[in-house]
Amino acid sequence: MLIYSGYRDATETERIRQIYVTPDAAHWLVDRGIHAVGCEPAGIEHVPDGLFKYHWYDKDTPNLPSWPAHQNLLSNDVYIIEGLTNLDQIKGERVRFAGLPLPIPGASGCPIRAVAWREK
């Protein structure tokens, strides 16, 4: 599943507008048998909340579990693909998608070559 949100980077006059997947939404995706979810922002969860409200990058954070949507998706074998571009060109369409990873042994994540195509 690819999520198009209209995400765009910040400008001098506008802050970043980030969509995100909540823990409940992650459960919803898992319940529907989704195998992978891709989005435009660099993070599928609300990054400012994770950094500044819950302090999930701090090792001693009292706000656990950290990154709960990630944990739910990954523990149910749902791949997370972040930082996609040009989703506006395929919004509302049914397309085929492939994320071609780099062959890095033992890696838990890596850059991919993301491709989508329409079937005729």
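The values are calculated or read from the model by the stated rules, or taken from the named source; none is laboratory data. Model, not experiment: these values are computed from the prediction. Cβ: placed from backbone, ideal geometry, glycine included. Neighbour counts: every protein chain shown.
Yes or no: residue 93 loosely packed, with under 12 Cβ neighbours inside 10 Å, closer than 30 Å to residue 120 by Cβ and acidic (Asp, Glu)? Yes, satisfied.
Scanning region 57-69 for residues that are closer than 22 Å to residue 19 by Cα and either of a type in the set (Asp, Glu) or in contact (Cβ under 8 Å) with a residue 40 or more places away in the chain (or both) gives 68, 69.
Does residue 96 satisfy being at pLDDT 95 or above and among the basic types (Lys, Arg)? Yes; evaluated as a whole, the condition is true for this residue. Entry remark, region 39-75: residues being closer than 17 Å to residue 108 by Cβ, under 13 Å from the mean Cα position of the chain (by Cα) and outside any loop (DSSP other than H, G, I, E, B) number 6 in total. Checked against the criterion of being under 26 Å from residue 85 (Cβ atoms), part of a loop (DSSP other than H, G, I, E, B) and at pLDDT 85 or above, the candidates 20, 7 yield just one match: 20. Screening residue 25 against (1) within 17 Å of residue 81 (Cα to Cα); (2) in a loop (DSSP other than H, G, I, E, B) leaves a single unmet condition, (2).
Determine, yes or no, whether residue 88 is out of contact with any helix residue (DSSP H, G or I) (no Cβ under 6 Å at 6 or more places or on another chain), of a type in the set (D, E, K, R) and part of a helix (DSSP H, G or I). So residue 88 fits the description; yes.
One line per residue, one yes/no per condition, for (1) out of contact with any His (no Cβ under 9 Å at 6 or more places or on another chain); (2) within 26 Å of residue 120 (Cα to Cα); (3) crowded, with 16+ Cβ neighbours inside 10 Å; (4) at pLDDT below 90:
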position	(1), (2), (3), (4)
1	no, yes, no, no
16	yes, no, no, yes
34	yes, yes, no, no
46	yes, no, yes, yes
51	yes, no, no, yes
67	yes, no, yes, no
73	yes, no, yes, no
79	no, no, no, no
88	yes, yes, no, no
